[in-house]
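Some notes on the structure that comes next.
The values are calculated or read from the model by the stated rules, or taken from the named source; none is laboratory data. Note that the structure is predicted; figures quoted are calculated from it, not measured. Cβ coordinates were reconstructed from backbone atoms using ideal geometry, including for glycine residues, and neighbour counts include every protein chain displayed.
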Amino acid sequence: MISKANPVATHRTSSSVILQAYDDIIVERLYEDVIITIASAKPAGNPSANFNYAMAASNEATGKLEFKIKDNDTLDLQKVVFQEVLALQSDPDPTTGVPTPWTGVNISHWLKNKQLDSNPSLGYVPVAYSSQDGLGARGKWLGNVDPAIQTELFVYFEITNDNTTYQSTHVRLIPSDDGSWVMENLSAWLDRNIAQIFGRQAMYKPDFELTWKFYAGCAGFDEPRNAGVSESCLYVTYDMPVSSGPLYHSVVHIGCVAAQGQSMEQGIFNSVWAKFQSLSIKSVKVYNGAVVDNALLSYYGKEVEVANPTQKLIIEATIKLFDLGIPTTEIPCDFPSMARQFAGESPIDTSTTKGLLTKTDGICNAWTNFMVDVLGAQGMTSNAV
C-alpha cells in the first residue's frame, strides 16, 4: 500500500517507475483515495525526450498519468438486536403451555444469511414497540480493518419513511474477544420516538430495514461506508400495552395487522372487532425466519386429546352418539371438544387466552379474554362481561 504523500520514485533506463512507501498510516483513513500523478516524467538520462505512457491509464485532458488506490476496510453485519422492546413472547407450547420469552442476550432480531432455526429462542424473532417508544438497536460485525484506525471506528443506522431519512446516534465500535466488532455503548438510538416518524398508529412491518454505516472518526476520511442492511419483523402497537397477561405473539400480531394504519382508538376497536366477526382468526409462529400462520382458532371445534388409539376410537364413537342424542357413559357427555376437555384445568385452561392459544380451541370465556387482551396490547382498556 502506497501511503506517503510524496513517495520516492526511482527512474530506470527501461522507463519503469518504482514507487516506494514508508508506512501504512496516511492511506488507511477510511474511504480515502490516494492519487499518484506523473506530471512531467522523462526517460532517465534524456531529459529532453518525451515519455510515452499508456493512454488507457492516463487522463487525456491533462496529460497526466493517475493511479487511484483505495483501502479495503470493510465491516460485514452478522447480527442485530433491538433495545428496550416490549416483552413479546412466543405463543404457549402446545404440550407444556409454556411460552418462550423473546428477551435476553441470546435472541436475534436479525441474523446474517438467515441462520435460523424453527426454535425461536435460537434464531430470528420479531420485535415489538409501542408508538410512544424510542427505537434503538445494537449490532455485531466481522471485518477487515486497518490497525491504524481501529480505535477510531464509529457506526450508526438510518431508516427512511416518506422520503425522509432519520439517522441514529453514532456509537464507537470496539473489538470483542471472539474477533468481531461490537458497539461500545451497546446501542444506537433515533433522536425521536416512533410516532414522530411514522405517526401514532398500529403498524406491522414484516420487512423493516435498518441501513447501517461506519466511518473512521479521524481526519482524512471522505464518506461513511456501508456496514450492512438488517431486515426484521416489526410490530408497533397504538399505545403502551395495558394487558395484565403476557404479550403473546398472536395477540400482538392479530391486533397490529387488523388495525394496520389506524390512528384513532375507535378505528383500532372497529378493526379488531371486524376481525373477530370474520370467524377466521389464526395464531402465528416464527418459522425459518418468517412469521407464518400456525392454526385456525376455534370455538368448541377441536377433538379431545387422548393417550392411545383405542381411547380415541371410543371417544369418536361417543361423540357421534352424543350428536345423535344417545346418552353414553364412556366419557362425560359434556366433553365432546378440546375446549370442554380442558376448561378449568391446570396448567392449560381453555377458558383463558393462554389455553385458547395452546390448544387452539376455547370456550366463550377464552374468546372474551382473548379480545380483551388483543385490545389491551394496543393500549386500550376493556373488560370481560
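Listed values, structure above:
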| item | result |
| --- | --- |
| Q260, sole failed condition from (1) surrounded by fewer than 23 Cβ atoms within 10 Å (Cβ to Cβ); (2) in the same structural domain as Y156 (by TED's automatic domain parsing) | (2) |
| Residue among S250, S243, S230 that alone is of a type in the set (G, A, S), surrounded by 15 or more Cβ atoms within 10 Å (Cβ to Cβ) and part of a strand (DSSP E or B) | S230 |
| Within the range 204-256, considering residues that are in the same structural domain as V125 (by TED's automatic domain parsing) and of a type in the set (F, W, Y), the one modelled with the lowest pLDDT | F221 |
| Residue satisfying condition, being touching a residue at least 60 places away in the same chain (Cβ under 8 Å), among the hydrophobic types (A, V, I, L, M, F, W, C), part of a strand (DSSP E or B) and surrounded by fewer than 20 Cβ atoms within 10 Å (Cβ to Cβ), within set W189, W212 | W189 |
| Selection count, the range 358-373, where residues are of a type in the set (G, A, S) and part of a strand (DSSP E or B) | 1 |
| Residue within the range 262-284 that is over 14 Å from Q378 (Cβ atoms), touching a residue at least 12 places away in the same chain (Cβ under 8 Å) and among the hydroxyl-bearing types (S, T, Y) present | yes |
| Residue within the range 165-172 that is crowded, with 18+ Cβ neighbours inside 10 Å, part of a strand (DSSP E or B) and modelled with pLDDT under 95 present | yes |
| Candidate set: the range 130-164, residues that are closer than 17 Å to T211 by Cα and acidic (D, E); chosen: the one surrounded by the fewest Cβ atoms within 10 Å (Cβ to Cβ) | D162 |
